[in-house]
1. Name the residues in segment 225-247 that are closer than 16 Å to V162 by Cα and either away from the ligand (no atom under 14 Å from the Cβ) or touching a Leu at 6+ places or on another chain (Cβ under 6 Å) (or both), would you?
2. In segment 185-206, which residues are within 16 Å of the ligand (Cβ to nearest atom) and out of contact with any Phe, Trp or Tyr (no Cβ under 7 Å at 6 or more places or on another chain)?
3. Do any residues in segment 136-157 that are closer than 17 Å to L207 by Cα have Cβ atoms under 7 Å from those of residues that are outside any helix (DSSP H, G or I) and of a type in the set (V, I, T), where the two are at least six apart or on different chains, and which pairs are they?
4. Tell me, please, whether a residue that is within 14 Å of the ligand (Cβ to nearest atom), of a type in the set (S, T, Y), crowded, with 16+ Cβ neighbours inside 10 Å and within 13 Å of the chain's Cα centre (by Cα) can be found in segment 84-97.
5. What about L120, is it within 25 Å of W10 (Cβ to Cβ) and either hydrophobic (A, V, I, L, M, F, W, C) or crowded, with 19+ Cβ neighbours inside 10 Å (or both)?
6. Starting from segment 27-45, keep only residues that are buried (at least 17 other Cβ atoms within 10 Å of the Cβ), then list their pairs with residues that are of a type in the set (D, E, K, R) whose Cβ atoms are within a distance under 6 Å, requiring at least 6 positions of separation or different chains.
7. Suppose we keep only residues that are over 17 Å from R34 (Cβ atoms) and touching a Pro at 6+ places or on another chain (Cβ under 9 Å) within segment 223-236. Which one would you say is surrounded by the most Cβ atoms within 10 Å (Cβ to Cβ)?
8. Output the residues belonging to segment 201-222 that are of a type in the set (A, V, I, L, M, F, W, C) and either in contact with a His (Cβ under 7 Å, 6 or more places away or on another chain) or surrounded by 19 or more Cβ atoms within 10 Å (Cβ to Cβ) (or both).
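Read the figures in this text as sums done on the coordinates, not as results from a lab. Everything numeric in this text was worked out from a predicted model, so none of it was measured. Neighbour counts run over all protein chains shown; Cβ positions are idealised from the backbone, glycine included.
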Amino acid sequence: MRAKLVAGNWKMYGSLAANLKLLTHIKEAAAGLRCGAAVCVPFPYLEQARSALSGTSVAWGGQNVSEHEEGAYTGEVSAAMLQEFGCRYVLVGHSERRALFAESDSTVAAKFAQAQRAGLIPILCVGETLAEREDGVTAAVVTRQLDAVLNDSGVAALSRAVLAYEPVWAIGTGKTASPEQAQEVHALIRARVAQSAAAVAEGLQILYGGSVKPGNARELFAMPDIDGGLVGGASLVAEDFLAICAAA
Ligand code: PGA
């Protein structure tokens, strides 16, 4: 059976003082967690996450990474830099990055490859907008986003990666996909990977993201192809994040 993973995405929230409270709570609970757990924090707080979580079962990571290895790219952060700060994970292709920062499928594929080259585990986010769902192109959109990475890095690369299905219409909106809606897309993603490599598909952790809360986590995580959650808003509240971990 695949292990469950709950990853928090703090987005552009936090302060040294607020993080300290949150991380202290998480650290205190870490020994009792029976799922994988991680927090993806803003770059300036990586050192704070490292000092709070080192030696615990909770991992930390970034929310973005440069598609370039190094060079004159003012404002960018490389995968090797994240690795130096002890990151295990990095989000790539979050829908906010795709929509607000114009990240294309090929940019996301390049970021995925850079992350793996530095030994990080990319959490590749895919998902359709509301308009795309209403147009009936959910499967096509998710497949296109996944294929961009498969074609660039090869299917074996997915054995060192995590997928996250995040319907854009469910992110930060309080509207969760129903467990059945999410399961349908998770199964589709796994089947797509299985076309190239059944064993890779079987081992691939596919997280659901989009308004995961303590109240809906359990039924989502009970679906056969949902292997945990990528949690935004609720990951900023220690009790909620830990309750979601308990559900996993
Ligand atoms: P949300 O965000 O849990 O606040 O909907 C999820 C995400 O953006 O990863």
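1. Hits for segment 225-247 are D225, I226, D227, G228, G229, L230.
2. Q205, the sole residue that qualifies.
3. Final answer for the pair search is V142/V126; Q145/V126; L146/V126.
4. Checked against the condition, which is being within 14 Å of the ligand (Cβ to nearest atom), of a type in the set (S, T, Y), crowded, with 16+ Cβ neighbours inside 10 Å and within 13 Å of the chain's Cα centre (by Cα), segment 84-97 yields at least one hit.
5. For L120, the condition - within 25 Å of W10 (Cβ to Cβ) and either hydrophobic (A, V, I, L, M, F, W, C) or crowded, with 19+ Cβ neighbours inside 10 Å (or both) - is met.
6. C35/K4
7. A234
8. A201, L204, I206, L207, V212, A217, L220, F221
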